[in-house]
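Visitor: Shown below is the structure under consideration.
Nothing in this text is a laboratory measurement; each read-out follows from the coordinates by a stated rule. In this text, all values refer to a predicted model and were calculated from it rather than measured experimentally. With ideal geometry, Cβ positions are generated from the backbone for all residues, glycine too; neighbour counts draw on all protein chains shown.
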Amino acid sequence: MKKRVIIMGAAGRDFHNFNVYYRGNADYKVVAFTAAQIPGIQCRLYPSELAGPDYSEGIMVYPEEELPDLIKELHADEVVFAYSDVSYEYVMHKASLVLACGADFRLMGTEATMLKANVPVISVCAVRTGAGKSQTSRQIAQILKKKGLRVVVVRHPMPYGDLVKQAVQRFATYEDMDKHNCTIEEREEYEPHIDNGIVVYAGVDYGRILVEAQKEADLIVWDGGNNDLPFFKPDLHIVVADPHRAGHEVAYYPGETNVRLADVVIINKVDTAEPDKVELVKMNVKALNPDALVLDAVSPITADKPESIKGKRVLVIEDGPTLTHGNMPYGAGTIAAKNFGAKELVNPRPYAVGSIRETFERYPHLRAVLPAMGYSENQVAELEATINATPCDAVVIGTPVDLRRVMKVDKESVRVKYELQVLGPVCLEEVMDKFLTRSKRE
């Protein structure tokens with residue numbers, strides 16, 4: 001008799017776990033997905049075209065709030081937790097709920113969920129979202145490209161639209177992002193790689209994505225999402241830690257697993273964090289993984305027009321996930337505004353409209369900062385309306401994507417950027433050289 005399964009997710013890890021383990025598995029029947037974290041991804045189907053012949057009607061995605069009723073109504077035997085960047089307390093509250101409803105609770109491990117590539121894979125993951133994965137993966141890709149290697153980046157999934165059309169996506173130009181109707185969150189991750197001449201793959205079915213990506217790659221860089229584990233088995237696993245949230249490396253799922261698996265741990269932002277917090281992260285990393293190489297790093301912040309910040313009342317826009325489920329109260333834009341002498345950081349909360357107002361209600365820790373939410377055309381329009389309604393002298397764009405490409409900002413705007421700088425004890429290029437030498441021997 002098949003075991004009946006519900007997979008709890010957020011339109012990423014949940015679909016991947018299904019594809020690589022449950023799809024075509026005669027021992028299981030997945031009766032539902034649930035959705036959390038990302039707005040607007042519930043109340044849709046995981047389509048039969050992706051689910052396979054055993055699911056001719058597809059699989060419904062329900063709001064996670066309905067989980068207790070779903071366990072009962074769908075006679076679920078097991079619930080699989082399949083999303084990331086949540087505290088251990090949060091995970092165990094969910095486990096307790098599931099157990100009280102009579103079902104088993106499951107977390108899936110690396111052997112059941114990682115795919116093996118035919119080319120070397122370097123994975124870049126983190127202990128929390130917003131730690132600095134993006135600038136790390138960018139620098140690694142650039143180092144390898146300069147060595148004459150064909151480098152392809154595969155990004156952790158963000159499929160919030162038509163799942164069939166998003167099954168396998170390839171991004172090499174801005175037009176590719178327009179063609180695929182990318183959200184702001186997607187553009188934040190793809191645009192900087194495209195600017196550097198790097199091809200990016202993403203989507204839903206990572207078995208198919210791997211087949212296509214390795215056709216044009218000497219080496220794949222896995223660019224992780226949140227603090228999730230890589231979907232591909234890494235030959236070199238690099239993990240970024242954030243001393244601004246010291247202690248989270250041993251308190252958030254599955255960030256600790258990343259640390260335990262790491263070959264290299266990069267402690268980013270050591271220049272802006274308190275020294276005792278940096279030391280706490282180092283101590284925790286060494287306790288979990290004494291064999292890992294630990295590197296100190298910073299992410300210097302630049303602005304294209306710093307003179308437009310000095311003495312001005314500014315609205316700061318930051319990377320959305322870093323502020324929301326990443327729980328950070330500020331990001332690079334806020335630091336730039338202060339460093340370049342802003343007179344005041346204007347609070348956008350009173351001027352927020354629609355779902356942007358709801359975001360502030362859901363995340364009360366956010367004050368004089370605006371998260372770049374844009375998971376749909378309507379939300380992008382609401383973000384634009386919020387920006388243009390906020391009384392300020394200038395807008396500081398601290399998110400990795402240039403928002404001026406996707407909306408009209410009617411005020412003077414300043415673009416903030418940041419890149420990784422490893423301080424030591426060895427440079428990142430030396431780490432790559434040693435890895436490439438080892439890979440040739442193997």
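Visitor: For the range 165-177, just list the computed ³J(HN,Hα) in residue order, Karplus coefficients 6.51, -1.76 and 1.60, θ = phi - 60°, integers in Hz, with x standing in for Gly and Pro.
Guide: Karplus values, whole Hz, x for Gly and Pro: 5, 8, 4, 9, 10, 10, 10, 10, 9, 4, 4, 5, 5.
Visitor: So what are the ³J(HN,Hα) numbers for the range 3-10, from phi and the Karplus equation (6.51, -1.76, 1.60; θ = phi - 60°), rounded to whole Hz, Gly and Pro as x?
Guide: My calculation for the range 3-10 gives 7, 8, 10, 10, 10, 8, x, 8 Hz in order.
Visitor: Continuing with this model, one more query. Could you pull out every residue, at least 5 positions away or on a different chain, whose amide H is within less than 5 Å of the one on K312? Hs are placed 1.01 Å off N in the peptide plane, and Pro or chain starts have none.
Guide: It is K343, E344, by chain and number.
Visitor: Mind ranking 127-134, 68-75 by how tightly packed they are, going by the mean number of other C-beta atoms within 10 angstrom, highest first? Could you put the intermediate results ahead of the total?
Guide: On the way: 127-134: 26.5, 68-75: 15.1.
Result, highest mean Cβ count within 10 Å first: 127-134, 68-75.
Visitor: Quick check: convex hull over the Cα atoms of the chain, volume per residue in Å³, rounded to an integer?
Guide: Output value, Cα hull per residue: 141 Å³.
Visitor: Can I ask one more? Which peptide among 54-64, 189-199 comes first, and what is the full order, when sorted by highest mean count of other Cβ atoms within 10 Å?
Guide: Highest-to-lowest ranking by the protection proxy: 189-199, 54-64.
Visitor: Once you charge only the Cβ atoms, +1 for Lys and Arg and -1 for Asp and Glu, what is the size of the charge dipole of the range 33-162 about its Cα centre, to the nearest 20 debye? Can you show the working numbers first?
Guide: Numbers: 13 positive and 15 negative charges, 299 e Å.
For this selection, approximately 1440 debye.
Visitor: Applying 1/(1 + (r/R0)^6) with R0 = 35 Å to the Cβ-Cβ distance of R150 and S48, what FRET efficiency is obtained, to the nearest 0.05?
Guide: Efficiency for this residue pair is about 0.50.
Visitor: Still on this structure, please answer the following. Once R0 is set to 30 Å, what does the formula 1/(1 + (r/R0)^6) return for the Cβ-Cβ distance between E358 and L97, expressed as a FRET efficiency to the nearest 0.05?
Guide: So, using R0 = 30 Å, E works out to roughly 0.80.
Visitor: Compute the Cα gyration tensor for the range 310-422, then decide on rounded, prolate or oblate, letting a ≥ b ≥ c be the square roots of its eigenvalues: rounded whenever a/c is under 1.5, prolate when a/b is larger than b/c in the other cases, and oblate in all that remain. Mind showing how you got there, number by number?
Guide: Values: a/c = 1.35, a/b = 1.19, b/c = 1.13.
Cα axes put the range 310-422 in the rounded bin.
Visitor: Most mobile of V401, V151, V270 per a Gaussian network model of the chain (Cα springs, under 10 Å)?
Guide: Result: V270 has the largest fluctuation of those listed.
Visitor: I would also like to ask the following. Percentage of Cα-Cα pair distances in the range 130-231 greater than 20 Å, rounded to whole percent?
Guide: 32 percent
Visitor: Applying 1/(1 + (r/R0)^6) with R0 = 45 Å to the Cβ-Cβ distance of R441 and D410, what FRET efficiency is obtained, to the nearest 0.05?
Guide: 0.20
Visitor: List the lysines whose alpha-carbon lies under 25 Å from that of K286, not counting same-chain residues fewer than 8 positions away?
Guide: By straight Cα distance, K286 reaches K133, K233, K269, K277, K434.
Visitor: Using a 7 Å offset from the Cα along the Cα-to-Cβ direction at both E377 and T302, what is the distance between the two label points in nm, to one decimal?
Guide: So the label points at E377 and T302 sit 3.6 nm apart.
Visitor: Tell me, in nm to one decimal, what length is gained between Y90 and N181 on full extension, where the rule is 0.36 nm per residue of separation less the Cα-Cα distance? Provide the component values of the computation, followed by the final result.
Guide: Numbers: separation 91, 0.36 × 91 = 32.76 nm, distance 3.28 nm.
This chain segment gains 29.5 nm when fully extended.
Visitor: Helix-only mean residue ellipticity at 222 nm, the chain, DSSP H runs n ≥ 4 weighted -39,500 (n - 2.57), per residue, nearest 500. What is it?
Guide: Roughly -9000 deg cm²/dmol at 222 nm, from the helical runs in the chain.
Visitor: What is the magnitude of the charge dipole of the range 178-268 about its Cα centre, with +1 placed on the Cβ of each Lys and Arg, -1 on the Cβ of each Asp and Glu, and no other charges, expressed in debye to the nearest 20?
Guide: That gives a dipole near 260 debye.
Visitor: Mean 1/r over all different Cα pairs, inverted: what Kirkwood radius does the range 17-145 give, in Å?
Guide: Averaging 1/r across every pair of different Cα atoms and inverting gives 17.2 Å.
Visitor: Give the long-range amide H neighbours of L370: residues separated by 5 or more places, or on another chain, with amide H under 5 Å away, using H modelled in the peptide plane at 1.01 Å from N.
Guide: Those lying under 5 Å, H to H, from L370 are V316, I317, E318.
Visitor: Out of all Cα-Cα pairs in the range 162-291, roughly what percent, to the nearest whole number, are more than 17 Å apart? Numbers along the way, then the final one.
Guide: Values: 5429 of 8385 pairs.
Summing the P(r) tail past 17 Å for the range 162-291 gives 65 percent.
Visitor: Further question: Ordered by packing density, taken as the mean number of other Cβ atoms within 10 Å over each peptide's residues, highest first, how do 321-334, 421-434 rank?
Guide: Numbers: 321-334: 23.3, 421-434: 15.0.
Going by the mean number of other Cβ atoms within 10 Å, highest first, we get 321-334, 421-434.
Visitor: With both partners inside the chain, how many of the DSSP beta bridges are antiparallel, as a percent to the nearest 5? Write down the numbers at each step before the final one.
Guide: On the way: 15 of 70 bridges.
Given both bridge residues lie in the chain, the antiparallel proportion sits at roughly 20 percent.
Visitor: A further question follows. Quick one: which residues, 5 or more positions from V86 or on another chain, have an amide H under 5 Å from its amide H? H modelled 1.01 Å from N in the peptide plane, none for Pro or chain starts.
Guide: Under 5 Å from the amide H of V86 lie the amide H atoms of Y253, each far enough along the sequence or on another chain.
Visitor: Continuing with the same structure: What fraction, in whole percent, of alpha-carbon pairs in the range 154-204 exceed 13 Å separation?
Guide: 49 percent
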